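Enquirer: Following this message is one structure expressed as structure tokens.
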Amino acid sequence: MENTYGCSSKTTKDVSLQEIRDRLAEFAEVGEVGELSEIFQWKGEVARGLPNWSSDDKEHLEEELSDVLLYLVQLADICGLDLGKAALTKIVKNAKKYPVMNQTST
């Protein structure tokens, strides 16, 4: 039986220090997304450009967004994925799945 760590519960496997670091990086990403989510939890509607936010709140948001981005880049690297290419592919898929309809005024 496999657990979420990719290890069999019936056999013991040696794990390298790098594998441990890689797994910790994956879990750290979840924590960073939680911190980012927490910023918005009590804000309600958020206006474009954050005009009602203090400079400290904006700086905190920038830091948390950066943390998430850096962990995503690191995780993609660990997994051997090209994150830029994956994002572009996803944009194309979304454009096909959710096409923008031209609206004409009557």
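Enquirer: Which residue pairs have Cβ atoms closer than 8 Å, lie 6 or more positions apart in sequence or on different chains, and pair a first residue in the stretch 52-66 that is in contact (Cβ under 8 Å) with a residue 12 or more places away in the chain and assigned to a helix (DSSP H, G or I) with a second residue that is surrounded by 11 or more Cβ atoms within 10 Å (Cβ to Cβ) and among the acidic types (D, E)?
Expert: Listed by first residue and then by second, the contacts come to E64/E32; E64/E35.
Enquirer: Would you be able to tell me the number of residues in the stretch 75-99 that are closer than 30 Å to Q18 by Cβ and in a loop (DSSP other than H, G, I, E, B)? So that I can check it myself, show each step before the final result.
Expert: Quick first cut of the stretch 75-99, residues closer than 30 Å to Q18 by Cβ only: 75-90.
The next check asks that each one be in a loop (DSSP other than H, G, I, E, B); those that pass are 80-82.
Going through the stretch 75-99 one residue at a time, the tally reaches 3.
Bear in mind that the values in this text are calculations on the coordinates, not laboratory data. Since the structure is predicted, the reported quantities are computational estimates derived from the model, not experimental observations. Reconstructed Cβ throughout: ideal geometry from the backbone, glycine too, with neighbour counts over all protein chains shown.
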